[in-house]
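K.L.:
I'd like to ask you about the structure that follows.
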Amino acid sequence: MTAIRGARERARIEVTAAIKDEARRQLAAAGAAKLSLRAVARELGMVSSALYRYFPSRDDLLTALIIDAYDALGEAAEQALAKAFHDTPVDRWTAVCRAVRAWALARPHEYGLIYGSPVPGYSAPEATIEPASRVGLALIAVVGDAHATGVFRVPDEPPAPEAVLRDAGRLRERLGVTLPAPLLAETVAACAQLFGLVNFELFGQFNRVVEAREEFFDRAVLRLARGIGLDRCAPAAAGGGDGAGA
């Protein structure tokens with residue numbers, strides 16, 4: 001019985017992977033809004049009722065694809081952070097940012113699924129929150145390590161509004177990190193600007209505006225790092241701060 005159960009589990013894994021692969025092909029061809037379980041089943045030579053045993057609805061399939069995309073992007077960011085273990089804080093920050101850009105350029109339709117236009121009629125469930133946090137946590141780890149080891153320069157800027165600091169304080173509690181609220185708020189803003197840079201490049205806003213895309217990106221993320229207060233002068237002792245994947 002164990003052997004039979006194992007064979008069934010392997011078969012289910014293989015069919016699930018085939019369904020996801022076909023769904024990704026449809027995303028590339030027609031976009032997420034036109035994703036259809038019936039079309040996926042037809043391309044795979046399955047009857048619709050059989051496919052519904054794997055994904056009961058289009059939204060269930062979309063959620064699986066979204067989680068896979070967030071996890072793949074997060075893994076790329078975490079691997080980049082791990083490889084930059086002994087580098088300076090700015091170089092670690094830049095390594096993670098470059099990994100995000102490289103993944104997006106290599107898998108534009110999957111990136112578009114998670115950071116492009118919302119899919120009409122779809123509401124992402126809580127199961128997507130943790131995978132979606134992985135890139136942000138990698139960047140928070142860079143800042144947390146620098147802050148914890150003293151390799152840090154506090155930016156000479158006006159303090160954030162109290163409402164922003166309250167938001168950052170709640171986020172700090174939810175994430176279980178120890179960064180000061182003002183610093184966490186600045187890091188979140190820099191993360192948002194990172195994805196803005198990637199979106200502008202991927203979705204065509206830089207066409208006929210920025211041709212030296214890689215150089216432009218590197219300079220922009222360097223300015224983001226310095227704006228937070230990261231310092232080039234010395235490497236951080238990785239793993240001493242907040243976040244995961246450090």
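The values are calculated or read from the model by the stated rules, or taken from the named source; none is laboratory data. Here the structure is a predicted model, which means the values were calculated and not measured. Please note: Cβ atoms are built from the backbone with ideal geometry, for glycine as well, and neighbour counts cover all protein chains shown. These accessible areas exclude ligands, DNA and RNA; they are computed on the full protein's heavy atoms, side chains included. Shrake-Rupley method; radii C 1.70, N 1.55, O 1.52, S 1.80 Å.
K.L.:
Filter segment 111-128 down to residues that are in a helix (DSSP H, G or I), in contact (Cβ under 8 Å) with a residue 12 or more places away in the chain and farther than 14 Å from Phe203 by Cβ and give me whichever is least open to solvent (accessible area, probe 1.4 Å).
P.N.:
Of the residues in segment 111-128, the ones in a helix (DSSP H, G or I) are 111-115, 126-128.
Next, only the ones that are in contact (Cβ under 8 Å) with a residue 12 or more places away in the chain stay: 111-115, 127-128.
From what's left, farther than 14 Å from Phe203 by Cβ: 127-128.
Values: Ala127: 61, Thr128: 10 Å².
That would be Thr128.
K.L.:
Let me ask another. Can you tell me which residue in segment 191-204 is surrounded by the most Cβ atoms within 10 Å (Cβ to Cβ), limited to those that are without any contact (Cβ under 8 Å) to a residue 12 or more places away in the chain and within 18 Å of Ala106 (Cα to Cα)? Before you say what the answer is, go through the steps one by one.
P.N.:
Step one: filter segment 191-204 for residues without any contact (Cβ under 8 Å) to a residue 12 or more places away in the chain, giving 192, 196, 200, 204.
Remaining after also requiring within 18 Å of Ala106 (Cα to Cα): 196, 200, 204.
On the way: Gly196: 13, Phe200: 18, Gly204: 10.
Only one residue tops the list, namely Phe200.
K.L.:
What do you reckon, is Trp103 closer than 15 Å to Asp218 by Cβ and surrounded by 22 or more Cβ atoms within 10 Å (Cβ to Cβ)? Steps first, please.
P.N.:
On the way: closer than 15 Å to Asp218 by Cβ: no; surrounded by 22 or more Cβ atoms within 10 Å (Cβ to Cβ): yes.
Considered against the rule, which asks whether it is closer than 15 Å to Asp218 by Cβ and surrounded by 22 or more Cβ atoms within 10 Å (Cβ to Cβ), Trp103 comes out as no.
K.L.:
Out of the residues in segment 81-98 that are assigned to a helix (DSSP H, G or I) and open to solvent by 20 Å² or more (accessible area, probe 1.4 Å), state the one that is nearest to Val143 (Cα to Cα).
P.N.:
Taking segment 81-98 first, the residues assigned to a helix (DSSP H, G or I) are 81-83, 89-98.
Still in the running and open to solvent by 20 Å² or more (accessible area, probe 1.4 Å): 82-83, 91, 95, 98.
Working: Ala82: 14, Lys83: 16, Asp91: 12, Ala95: 13, Arg98: 16 Å.
For segment 81-98, the residue satisfying everything is Asp91.
A quick yes/no check of all residues on (1) in contact with a helix residue (DSSP H, G or I) (Cβ under 9 Å, 6 or more places away or on another chain); (2) at positive phi; (3) in contact (Cβ under 8 Å) with a residue 12 or more places away in the chain; (4) assigned to a helix (DSSP H, G or I):
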| residue | (1), (2), (3), (4) |
| --- | --- |
| Thr16 | yes, no, yes, yes |
| Arg24 | yes, no, yes, yes |
| Leu27 | yes, no, yes, yes |
| Val40 | yes, no, yes, yes |
| Ala50 | yes, no, no, yes |
| Tyr54 | yes, no, yes, no |
| Asp59 | no, no, yes, yes |
| Ala64 | yes, no, yes, yes |
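K.L.:
With respect to Glu75, determine if the residue is part of a helix (DSSP H, G or I) and either farther than 19 Å from Leu194 by Cα or open to solvent by 60 Å² or more (accessible area, probe 1.4 Å) (or both). Let's see the steps before the verdict.
P.N.:
Values: part of a helix (DSSP H, G or I): yes; either farther than 19 Å from Leu194 by Cα or open to solvent by 60 Å² or more (accessible area, probe 1.4 Å) (or both): yes.
The answer is yes for Glu75.
K.L.:
Something else: Take the residues of segment 174-190 that are at pLDDT 95 or above and either touching a His at 6+ places or on another chain (Cβ under 6 Å) or surrounded by fewer than 19 Cβ atoms within 10 Å (Cβ to Cβ) (or both): which is farthest from Gly136 (Cα to Cα)?
P.N.:
Checked segment 174-190; the qualifying residue farthest from Gly136 (Cα to Cα) is Ala189.
K.L.:
Tell me the residue from Glu157, Glu110, Glu78 that is at pLDDT 95 or above, within 25 Å of Leu171 (Cβ to Cβ) and of a type in the set (D, E, K, R), please.
P.N.:
On the way: Glu157 fails: at pLDDT 95 or above; Glu110 fails: within 25 Å of Leu171 (Cβ to Cβ).
Checking each option against the conditions leaves just Glu78.
K.L.:
Being buried (at least 17 other Cβ atoms within 10 Å of the Cβ) and either free of Cβ contacts under 8 Å to residues at least 24 places away in the same chain or part of a loop (DSSP other than H, G, I, E, B) (or both): is that true of Ala138 here? Please lay out each step first, then the result.
P.N.:
On the way: buried (at least 17 other Cβ atoms within 10 Å of the Cβ): yes; either free of Cβ contacts under 8 Å to residues at least 24 places away in the same chain or part of a loop (DSSP other than H, G, I, E, B) (or both): no.
Criteria not met by Ala138.
K.L.:
Would you check if there is a residue in segment 7-22 being of a type in the set (Asp, Glu), under 25 Å from Val135 (Cβ atoms) and surrounded by fewer than 17 Cβ atoms within 10 Å (Cβ to Cβ)?
P.N.:
So the first thing to find is which residues in segment 7-22 are of a type in the set (Asp, Glu), and the list is 9, 14, 21-22.
Now drop any that are not under 25 Å from Val135 (Cβ atoms), which leaves 21.
In the following step, the residues that additionally are surrounded by fewer than 17 Cβ atoms within 10 Å (Cβ to Cβ) were identified as 21.
Checking segment 7-22: at least one residue is of a type in the set (Asp, Glu), under 25 Å from Val135 (Cβ atoms) and surrounded by fewer than 17 Cβ atoms within 10 Å (Cβ to Cβ).
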